[in-house]
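The values are calculated or read from the model by the stated rules, or taken from the named source; none is laboratory data. Please read these numbers as outputs of a predicted model, since none were measured by experiment. Don't worry about glycine lacking a Cβ; one is built from the backbone with ideal geometry, like all the others, and counts go over all protein chains shown.
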Amino acid sequence: MKNQYSLLAQIFLWPFLPQYKVNVVNELTPAVLREMEVQHILLDVDCTLKRYDTDLLEDWVLEWLETLEVAGVDVCLLSNGKKSRIGKIADHYDLEYEAMAMKPFPCGCWRVMKRKDWDRKSTAIVGDQLMADVAAGKFAGIKTVHVTPIHPETEPIFTRIKRPLERLVFRFAMVHRGTFEAQKKETAE
């Protein structure tokens with residue numbers, strides 16, 4: 001889960017290198033988030049929580065959000081989408097949100113953290129785009145978690161154009177993926 005990068009990648013690709021990588025958001029269990037020292041999550045919407053072409057969250061996403069709520073983890077949706085669309089989704093599921101976040105700029109992250117009085121050390125951004133979500137988190141000075149996109153074939157063309165660049169970033173950076181359990185075993189041995 002925690003990524004390690006070559007020095008060259010760190011120097012040239014810093015804004016696009018997530019600290020953590022997961023396949024789906026529900027891998028971020030309350031236990032994993034405690035290990036990461038994360039109490040607050042800025043959560044991208046499209047292709048992170050749901051397909052781009054629907055406004056409905058699947059049951060497994062709702063169950064995950066409920067486990068976070070029970071564990072006391074604060075969540076706020078953070079999207080570049082319009083307020084009318086993101087607000088409709090957030091209101092339907094009784095979630096807080098910040099629309100028109102202007103990612104990769106950090107201003108959306110900062111607005112939420114200021115409004116909710118979250119500190120940077122315990123806040124993470126979770127999203128599917130290196131050049132928007134991860135970069136915004138890096139510039140905001142918070143933890144970054146990249147998630148494999150859900151159904152990227154449903155994304156608009158301007159997002160799909162960036163996907164090959166993201167694959168190149170990961171290939172160049174030589175991302176090493178693992179889980180907390182695997183890292184603990186390596187440390188113990």
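Number of residues in region 36-56 that are surrounded by fewer than 20 Cβ atoms within 10 Å (Cβ to Cβ) and modelled with pLDDT of 95 or more equals 3. Take region 68-93 and flag every residue that is free of Cβ contacts under 8 Å to residues at least 40 places away in the same chain and among the polar types (S, T, N, Q). Across region 68-93, the qualifying residues are S79, S84. Taken over region 71-98, the criterion of being hydrophobic (A, V, I, L, M, F, W, C) and either modelled with pLDDT under 95 or over 15 Å from M113 (Cα atoms) (or both) is satisfied by A71, I86, I89, A90, L95. Of all residues in region 99-114, those satisfying the criterion of being more than 14 Å from D46 (Cβ to Cβ) and either touching a Gly at 6+ places or on another chain (Cβ under 9 Å) or touching a residue at least 12 places away in the same chain (Cβ under 8 Å) (or both) are M102, P104, F105, P106, G108, C109, W110, R111, V112, M113. Only residues that are over 20 Å from D55 (Cα atoms) and touching a Lys or Arg at 6+ places or on another chain (Cβ under 9 Å) were counted in region 140-165, giving 7.
Conditions (1) part of a helix (DSSP H, G or I); (2) modelled with pLDDT of 90 or more; (3) buried (at least 20 other Cβ atoms within 10 Å of the Cβ), marked per residue:
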{"position": "G108", "(1), (2), (3)": "yes, yes, yes"}
{"position": "R115", "(1), (2), (3)": "yes, yes, no"}
{"position": "D133", "(1), (2), (3)": "yes, yes, yes"}
{"position": "T144", "(1), (2), (3)": "no, yes, yes"}
{"position": "E166", "(1), (2), (3)": "yes, no, no"}
{"position": "R171", "(1), (2), (3)": "yes, no, no"}
{"position": "V175", "(1), (2), (3)": "no, no, no"}
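Going by the conditions given, is T54 within 22 Å of W14 (Cα to Cα) and among the polar types (S, T, N, Q)? Answer is no for this residue. The criterion of being over 15 Å from the mean Cα position of the chain (by Cα), surrounded by 14 or more Cβ atoms within 10 Å (Cβ to Cβ) and either among the small types (G, A, S) or over 18 Å from D133 (Cβ atoms) (or both) does not hold for G72.
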